[in-house]
1. May I ask you to give the percent of accessible area on the range 380-521 that is carbon plus sulfur, with a probe radius of 1.4 Å?
2. Taking the convex hull of the Cα atoms, report for the range 343-441 its projected area averaged over all directions, in nm².
3. Per the Debye formula with a single identical scatterer at each Cα and no solvent contribution, what log10 I(q)/I(0) holds for the range 275-391 at q = 0.14, 0.15, 0.21 Å⁻¹?
4. Per residue, how much accessible area does the range 183-228 have with a 1.4 Å probe, in Å²?
5. Tell me the per residue accessible area of the range 669-715 using a 1.4 Å probe; a whole number in Å² is fine.
6. Given a Förster distance of 51 angstrom, what is the FRET efficiency for Val236 paired with Ala373, based on the Cβ-Cβ distance and rounded to 0.05?
7. Pop the C-beta distance of Asp13 and Asp197 into the FRET formula with R0 = 30 Å and round what comes out to the nearest 0.05.
8. Just the Cα atoms of the range 242-299, one point each, no solvent: what log10 I(q)/I(0) does Debye give at q = 0.27 Å⁻¹?
Amino acid sequence: MKPDLQRGFRLYDRTVLPLRNRITGDGKDAHVVPRTMSVLVCLAEHAGEVVTRGFLDEHVWGRSVVTDHVLTNCISELRNHLGDTRAEPRFIETVPKQGYRLIAPVTHLEARTEPEAPLLLRRVPRIALPLGLALGVVVTAGIWWAMSTGPGQGVTDFPEKSVAVLPFENLSADKSNQYFVSGIQDLIITKLASIGDLKVISRSSTAHYSSGPSDLQKVADQLGVATILEGSVQQVGNDVLINVQLIDARNNTHLWAHDYRRTLEDILGVEGEVAQKIAVALQAELSPAEAARLASLPTTDEAAYDLFLRAEYQAHLGHVNFDIERWKAAIPLYRQAIVEDPGFALAWARLSRVENDLTAWGGVGKNVQQLLAQARSDAKRALQLAPKLAAAHLAIGYCEYAGKDFAAALKAFNAALALSPSNARALVARGNVQRAQGRYDDAIASYKQAFAHDPRNTVLAFETGNTYKVIGRFTESETWLRHALALDPHNQNAKSTLAEVILFDTGDVALALAVLQGDGTLVGVERTVMLTYQRRYREAIAVLKRIPDTRSIVYVATGGSKALRLADLYRLAGDKAKARQFYKLALSKARAQLARLPGGGWAWVWQFVARAELGLGHTAKALEAVAKARELLAGDPHRSYAASIMGINASLYAGAGRPDLAVPLLTKTLEAPTVGNYYSPVLLWLDPDWDPIRNDPRFQALLEKYKQYKPAVNYGSAPASTASSASTR
């Protein structure tokens, strides 16, 4: 970036301030996402010239992998702020098949007297906002992710051989067969995803649209495709009518349409026929293996097929909101389908996937070891039956990932991608493995590649933002988290993590709290964390009491059960009797959880035990539990957990009055490349965990070392008795 442009410039009546990420003029003062501002500055540096997409990728995103859709959205956001249009541009002109050109004259501003704030490590300066505006920023700063570029704008930039299958309309009088309609759509997508020459959009993104949207160009633009497949299903008794039509969204013309009149007995395989016709219409090249996969039937048994579609419907609903009861309902349906057709490989594979999902939630009443063993057995059976089935390799990969054999998991996911190149699930799974291995740039690249096939997936946007957070790249993290919230304002993971990112980046607790509006377990618990940093313990207790005691609480920054959180807060508030009551309950819950988990328990749970023991005054037992947690951590290959567990262990040592153990471990935590997972230097001043050792010279040395991170507002941190650090995080 040129220094004179960095100070600011004008485009007609608009003033652009890159250091402040602002565009002002025409009565408006717009906040611009940093990456988008970088795109504008790059265009301004080459005003009047055609700047190619490749040049922008290299000079704005560096070595990061980005999709064309991301750049298109950046340009769309700039046009929105500048009051520009693609059809009649005054500022930014699109040069088809090449790139963009800034056609507005650039006037450099005079040098400003205010110095640029220095960058401290990965920390990016932020403009302080009045509290009244903070919530507005949460919504408006990310809106560009959800906006389309308007009818006809950007669609021509997408690959010609790209397609999205919208939800099929159910024209049947009996709406209870929605599982059948949804299943047909999903199987068509699965078949299409196996064609390497096509870009295919995942169902989780197309599910956001109606069966027959009025503005196909807008939908295609948001999904990043050139063509749309619409369809309907009508079932009357044993007869089924499936109508499909492939539409070129660039000019709203029909490329191909067909009616399939079948009975339930001969409906099997229709998804392969539709996929084959789409491939022909889009002139996609099919290898012999791909053609064979399109023609293959998942089963020849009508009853097994129907049961499978019912199971898939339940499993899909379960994945939308992690509805465990839906997963539990899907398992017997898959098993019934397998009874009808023991050779139904796809049913074996999908059954394994759901069983694996349940293991991630601690088994939900089932023994985790047994459940994982069953999932592995079912996945192996699927692979034996169909060695070329992508879903079977996915199932094997999920099992290897759960068993923490990351090399084997990566091999399985890559095998799935070789068979199904547009499979967003496989790309996400690969990214999860890479993140666990500590290969964060590779993981982010995989997530972004998946996003090209699943651009409306708020969970995927969250995972991308969360991965940036882990490695302390808070600006990119905030962008993706706002992206997730623009796609789904009710995404609690994104909202609570965004609050944490703002806190870690700025130390501004009030600004972070302003993000945490609305109901929900995750948001509510994160609100208690922020109130704790403000020493508003009684308010935090009142908020926490209103939150249902569910498993979701345990998964908020590994904070433990509701009982453990209440115990911590009562201790901090000075109510020793109440604290002791809840520490006893929390210890009982943590010990019971250890008995259900594989391998003697997780490091997290041993820390829950340590916190409860410490709160009850059992210092020796607490230190034994910390030692067990550290032992498990040493043998855990999951790299992103290391710093967060070290930080919590350090806080437990602090609560035990052992600064000699706490400070070295805390120092190691702050120097770890993954410190952003659950910690930041700003918390040295804000977190009451450090009050017991705050006056220790070794801790004071840490404060001096990281003094550039000291928050503008501190809420008081007097040394406390060495009762229990017990992080409420």
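1. Values: 2130 of 4280 Å².
C and S atoms contribute 50 percent here.
2. Numbers: hull surface 24.1 nm².
Hull-based average projected area comes out at 6.0 nm².
3. At q = 0.14, 0.15, 0.21 Å⁻¹ the computed log10 ratios are -0.64, -0.71, -1.11.
4. 25
5. Values: 1870 Å² over 47 residues.
For the range 669-715, the solvent-accessible area averages 40 Å² per residue.
6. Working: r = 45 Å, r/R0 = 0.88.
Once the sixth-power term is evaluated, E becomes 0.70.
7. Working: r = 48 Å, r/R0 = 1.58.
Taking R0 as 30 Å, the efficiency between Asp13 and Asp197 is 0.05.
8. For the range 242-299, the Cα-only Debye profile gives -1.13.
The values are calculated or read from the model by the stated rules, or taken from the named source; none is laboratory data. In this text, all values refer to a predicted model and were calculated from it rather than measured experimentally. Because the Cβ atoms are built from the backbone with ideal geometry, glycine has one as well, and the counts that use them run over all protein chains shown. All accessible areas refer to the heavy atoms of the entire protein, side chains included, with ligands and DNA or RNA removed. Shrake-Rupley method; radii C 1.70, N 1.55, O 1.52, S 1.80 Å.
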